[in-house]
Structure formats: C-alpha cells, structure tokens
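A quick write-up on the structure given underneath.
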Amino acid sequence: MEKTIVIDNEHSFKVDNCLAWMMIYKSQFGHDIVPEMMPFLGALSEMVTGLVADGTDIKDAKDLMSRLDKETVTNMLVELSAVEFVSFLNICWAMAKCADPSIEEPIRWIKQFDSFPLDVIAPEVFGLAVSGVVSEKNLQRLQSQIKSLKPKKKKTKQTSSKSSRQASPTA
C-alpha cells in the first residue's frame, strides 16, 4: 500500500509497504532489517497496549494508526530511543524507494528535507511497515489477548426506586 507522508506544506514523500522495501534496504545497506526493527516492534507493543488498555476496538492497521494520542507517541519515542536516527532515515528511504524507484541515493534524498519530524513521520512509517508483515487477523488476536489481561470492572448494586418506595412509609 502506498501512502504520502506530509512533513510540511512544501515537503512530502511517498512510501510503499510492499515487502520489496526490505530487499531494497538489504541491498542498499548490506544487512537485514530485522535487527533494526526490534525497537520498532517494542514501540508497536507500546502503541497497541495503550490503545487496547483504553478499550479501543481496532478494526485494522490504518484505524490503529489513526487513533494515536500524544502520550502514546511519546512512549513510542522512548522505546525508539535505542534506534539510531540514521536507521530510521534508512527505513524511510527504502520504503520511499519502493514507492518511487527513481529517487536518489539516501544522502541526496534526505538533503531535500529541511526537517524530518519523528512525531509526524514515525507513526505513519511504523504503521505501514508493520501492516505489511502482520495480518489483520493476528492484530485482532493480539487485541483480544491484551483485553483478556485487563482487570474487569466490578458492577455496583443499585437499589431500584420501586423497592425504595415500597420500603418507605406513605402518608
């Protein structure tokens, strides 16, 4: 699936989450993406846990990404502190190269941007990267497992107004 990531009014880029981006990454940077993705998976876990803990029903990966709040993004960024920023740029470049094979090599490509705000770009890129390798069925299964770990709220007994009226004397 292709998506345009908008950085600001003047800068945007397309990314594609088809699995070819992983091969592009390995070909360009000389190593597999899995070790680089481990902190991203920790961030995903933080995101899903935060959403599901609030009782949010997640329909699909796109819906999941649209529900991020600032606290979740902050917690994700903490998880991602183990990642070198360059690794993140490399992942973005590989996904952009998958969407548009004509883009330049990584250093020239990144020079076109005045800024590269993680709070804007990371949720979009992570969501696409994960949705390309995790089925909707497994995402929903994870949601169910996390919900089952949540403590259930106790219902409080309420006295009905009818029984209250019967118990009180009438004049």
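Around the amide H of PHE113, modelled in the peptide plane, lies no amide H under 5 Å away from a residue 5 or more places distant or on another chain. Note that region 3-18 has calculated 3J(HN,Hα) couplings of 8, 9, 9, 9, 8, 7, 4, 9, 10, 7, 8, 8, 10, 10, 9, 4 Hz, one per residue in order, obtained from phi through the Karplus relation 6.51 cos²θ - 1.76 cosθ + 1.60 (θ = phi - 60°); glycine and proline are x. Note on SER115 and HIS11: the model spin-label points, each 7 Å out from Cα along the C-beta direction, lie 0.9 nm apart. Computed from label points 7 Å out along Cα-Cβ, the spacing between LYS26 and LEU77 is 3.3 nm.
Taking amide hydrogens as placed 1.01 Å from N in the peptide plane, the amide H of LYS14 sits under 5 Å from those of ILE5, each at least 5 positions away in sequence or on another chain.
Please give the peptides 16-23, 87-94, 2-9 ranked by average Cβ packing (other Cβ atoms within 10 Å per residue), highest first, as a rough proxy for protection.
Working: 16-23: 17.6, 87-94: 21.2, 2-9: 13.1.
Ranking, from highest mean packing down: 87-94, 16-23, 2-9.
On full extension, the segment bounded by CYS18 and GLU136 gains 40.9 nm, given 0.36 nm per residue less the C-alpha separation. The simple spin-label model puts a point 7 Å past each Cα toward its Cβ; for VAL86 and ILE107 those points are separated by 1.1 nm.
Coordinate-derived values only; no laboratory data. Not measured: the values here are computed from a predicted model. Neighbour counts are summed over all protein chains in view; Cβ atoms, including those assigned to glycine, are modelled from backbone coordinates with ideal geometry.
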